[in-house]
Structure formats: structure tokens, C-alpha cells
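J.: Next up is a structure, given as C-alpha cells.
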Amino acid sequence: MLPTIAWRGRSVIMIDQRKLPGQETYVRCSTYIQVAQAIEKMVIRGAPAIGIAAAYGVALGAMALTAGTGRSLDRDFEKIYQRLERTRPTARNLFWALERMKAVYERTRQQGLRAIRTALLEEAKAIEREDSVTNRAIGRHGQTLLRDGWTILTHCNAGGLATAEYGTALGVIRAAVAEGKRVRVFADETRPFLQGARLTVWELDKDGVPVVLITDSMAGWFLRRGDVDAVVVGADRIARNGDTANKIGTYSLAVLAKENSVPFYVAAPMSTVDPTLADGGGIPIEERSPDEVREVGGHLVTLPYAEVRNPAFDVTPAAYITAIITERGVCRPPFEKGLK
Ligand code: MRU
């Protein structure tokens with residue numbers, strides 16, 4: 001599997017996902033600000049991976065704390081927390097991981113800097129470790145839904161690169177392959193950031209899983225022709241009723257899947273479920289730089305001043321989702337009851 005992120009010495013290293021598949025290089029972060037910038041610039045991306053990175057960011061921030069106790073310590077911790085919280089708004093896992101780190105800080109804040117630092121680093125490592133275990137459980141449950149010989153369509157990258165190392169949507173595919181099922185994957189290129197073309201194709205190819213790259217607009221045609229047996233995607237945030245935010249384009253895919261009677265599965269850990277949201281209406285959608293749309297691979301493809309919209313995510317209403325696969329099992333509608 002892929003070494004997406006790892007703690008080394010007194011720093012965290014991440015594979016630079018902006019450079020893949022051309023270059024396999026690593027970025028080293030030794031301050032929480034560098035981690036925050038790495039998340040913002042998409043060195044690391046994918047909801048669970050963002051959460052892990054932020055947790056290590058808090059651990060790095062704690063190493064530089066100087067105030068021993070009291071209000072100034074709380075203030076310094078809050079500064080670290082808020083900087084990391086501001087990086088990307090949609091992925092629930094970011095806030096879930098930060099909340100876990102804060103709970104550890106609150107438990108240890110009276111025990112001195114050494115104890116605080118040790119406990120925070122241990123918690124970040126636990127978040128990373130648990131992610132692998134969780135993804136494998138998602139894979140085990142999810143693979144029961146896939147049959148030998150199937151073609152699976154996926155969008156964006158919900159693989160090892162988006163998690164600690166195994167993947168959610170791609171974890172389901174990996175688990176099916178491990179069970180001896182011969183599956184083939186159609187990967188949407190995923191404009192504008194091309195996570196499908198650059199990351200999913202690279203990742204599956206490395207594992208020897210047959211993968212076919214298509215542009216996003218081809219998906220409907222292949223669904224209509226009966227070339228796709230199931231769609232499996234990841235998620236950035238799931239509301240209590242099952243409405244799911246994921247990479248822009250997921251909603252169109254879900255509508256087309258339903259129209260063509262193809263099952264549409266969402267694979268995500270429970271940490272992606274936002275218990276504070278009754279439905280998807282309140283999910284914050286990140287709007288990214290217009291240049292991501294104006295350019296492809298650094299080359300301008302329109303007028304440099306063309307007006308652009310660039311929402312990074314959309315929300316798929318629960319009605320279009322056949323099942324949500326989590327580490328606890330396969331949840332079918334009505335999702336509210338199952339997710340609870
Ligand atoms: O903008 P990104 O690349 O962070 O978006 C990633 C996705 O939309 C993934 O599908 C989602 O985070 C699930 S990753 C297991």
C-alpha cells in the first residue's frame with residue numbers, strides 16, 4: 001500500500017500529490033503552519049488524509065509551545081487549532097481529528113508540556129493507525145456488494161492517497177480483488193484537479209488492477225450502455241439523513257446511475273458523518289481558485305480573465321444513494337436510523 005503520510009523524527013512527511021504521477025517526491029513539514037499550507041495547497045488531500053495531517057500538525061504545534069500552563073498555554077493551543085481548522089471547510093474528518101486532538105489537550109493541559117506533547121503525538125499516531133484498520137473493515141463489508149467480472153466506476157481519488165494507506169472506495173475494490181474477484185475500474189478524470197487521472201489511475205496501476213480512464217462527461221454514456229455494474233465513491237461529509245458531499249461531479253454521477261438502474265455506493269468511515277447536520281443543506285462547500293479551471297496542467301485553456309466558478313464539492317441527496325458502506329457494515333435507506 002501507499003505511504004501517504006508518516007511521522008519521521010520530529011517532522012511529518014507526505015507524498016506530494018500535486019506532482020503525481022510524474023514525480024514521486026516527499027514534502028517534509030516541521031511546523032504546524034507548514035502542515036496547514038500543505039493541506040491548502042493539496043500536497044495532501046482526501047478527507048481522512050487531511051484529518052491525519054491536521055492531527056500531526058497539532059502535535060508539531062505542541063512541540064513549539066513555550067508557555068507552561070494556564071491561559072497563555074490555552075491561547076497558544078487555540079491559535080494552532082484555528083489555523084489548521086481554516087485549511088479546508090468541507091471534509092468532516094478534518095474537524096473530527098482536530099476535536100480528538102483538542103480533547104487530549106484538555107485532558108493533559110495541567111500535566112506540563114512534556115506530557116501534553118507526548119499525548120498529542122500518540123493521539124495523532126493512533127488516528128493514522130485506526131484509519132488503516134477502519135478502511136480495511138470498509139473494504140471487507142463493501143466487497144460483498146461487488147461480483148466477479150464487474151466494472152466499477154469511481155470518481156476522484158478515494159484511495160490510499162486519500163487515507164492513511166488503503167482507501168475507502170478503492171479499499172472496497174482492493175478487498176474485492178483480494179477475494180479473487182476480477183474487477184475492472186473506470187476512473188473519471190475528475191476535472192479540474194484531475195485526481196482521477198493523476199492519482200486513481202496511478203494507484204490502481206501500481207496494484208495491477210485493470211483501470212480505464214474516462215473524462216467526466218463520458219460517464220453517463222457508459223452507464224446508459226450497460227458498461228458499468230456499480231458506482232463506488234468516497235465522501236467528504238455525510239449528513240444524518242445520508243446526504244453526501246463529495247468531489248464535484250458526484251451528484252451528476254448519482255443521478256445518471258439511478259436513471260440507468262446502476263447501484264450507487266458511498267464508502268466512508270463513521271468519522272465522515274456529521275452528527276450536527278440533519279441534511280446536506282448545511283454542508284459548507286469549498287470554492288477554490290479560478291485558475292484551477294482556467295488552466296490544465298499549468299497551461300491556460302481559456303481567456304486569462306474568463307469568469308469562473310469552481311466549487312470543489314457537491315451534495316448528493318440520499319435518495320440517489322443505494323447504500324453507505326462504513327467500518328460498521330452496509331447501511332441502507334433510510335440512512336438516519338442506520339447511521340445513528
Ligand atoms: O479535493 P479533494 O481531492 O480533497 O477531494 C477528495 C474527495 O472528494 C474524496 O472523494 C473524499 O475526500 C473521500 S477520500 C477517502
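The values are calculated or read from the model by the stated rules, or taken from the named source; none is laboratory data. Worth saying up front: this structure is predicted, and the values here are computed from it rather than measured. Here Cβ is always computed from backbone atoms with ideal geometry, including for glycine, and neighbour counts include all displayed protein chains.
J.: In segment 273-289, which residue that is in a loop (DSSP other than H, G, I, E, B) and surrounded by fewer than 16 Cβ atoms within 10 Å (Cβ to Cβ) is nearest to the chain's Cα centre (by Cα)?
T.: Keep residues of segment 273-289 that are in a loop (DSSP other than H, G, I, E, B), which gives 274-279, 283-286, 288-289.
When the remaining residues are screened for being surrounded by fewer than 16 Cβ atoms within 10 Å (Cβ to Cβ), the result is 275-276, 278-279, 284, 289.
Numbers: P275: 18, T276: 19, A278: 21, D279: 20, P284: 15, S289: 19 Å.
Among residues in segment 273-289 that are in a loop (DSSP other than H, G, I, E, B) and surrounded by fewer than 16 Cβ atoms within 10 Å (Cβ to Cβ), the one nearest to the chain's Cα centre (by Cα) is P284.
J.: Scanning for something of a type in the set (G, A, S), under 16 Å from A124 (Cα atoms) and part of a helix (DSSP H, G or I), does segment 65-74 turn up at least one residue?
T.: Taking segment 65-74 as the starting set, the residues that turn out to be of a type in the set (G, A, S) are 67-68, 70, 72.
Checking which are under 16 Å from A124 (Cα atoms) leaves us with none.
No: zero hits.
J.: What is the number of the single condition among (1) modelled with pLDDT under 95; (2) within 23 Å of P48 (Cα to Cα) that G298 does not meet?
T.: Status for G298: all satisfied but (2).
J.: Can you find a residue in segment 36-47 that is under 18 Å from A158 (Cβ atoms) and either free of Cβ contacts under 8 Å to residues at least 24 places away in the same chain or not hydrophobic (A, V, I, L, M, F, W, C) (or both)?
T.: Checked segment 36-47: at least one residue is under 18 Å from A158 (Cβ atoms) and either free of Cβ contacts under 8 Å to residues at least 24 places away in the same chain or not hydrophobic (A, V, I, L, M, F, W, C) (or both).
J.: Within the set of pairs 6 or more residues apart or between chains, which connect a residue that is without any contact (Cβ under 8 Å) to a residue 40 or more places away in the chain inside segment 3-32 to a residue that is of a type in the set (D, E) with Cβ atoms less than 7 Å apart?
T.: T25/D16; Y26/D16; V27/D16
J.: So in segment 288-333, with the set limited to residues that are touching a helix residue (DSSP H, G or I) at 6+ places or on another chain (Cβ under 7 Å), among the charged types (D, E, K, R) and in contact (Cβ under 8 Å) with a residue 12 or more places away in the chain, which one is nearest to R18 (Cα to Cα)?
T.: Selected residue: D314.
J.: Restricting to segment 139-182, name every residue that is within 10 Å of the ligand (Cβ to nearest atom) and either assigned by TED's automatic domain parsing to the domain that holds T108 or out of contact with any helix residue (DSSP H, G or I) (no Cβ under 7 Å at 6 or more places or on another chain) (or both).
T.: Scanning segment 139-182 gives a single hit, A169.
J.: Next up: Of the conditions (1) within 16 Å of the ligand (Cβ to nearest atom); (2) touching a Phe, Trp or Tyr at 6+ places or on another chain (Cβ under 9 Å), I116 fails just one. Which one is it?
T.: If we test I116 against (1) within 16 Å of the ligand (Cβ to nearest atom); (2) touching a Phe, Trp or Tyr at 6+ places or on another chain (Cβ under 9 Å), just (1) comes out false.
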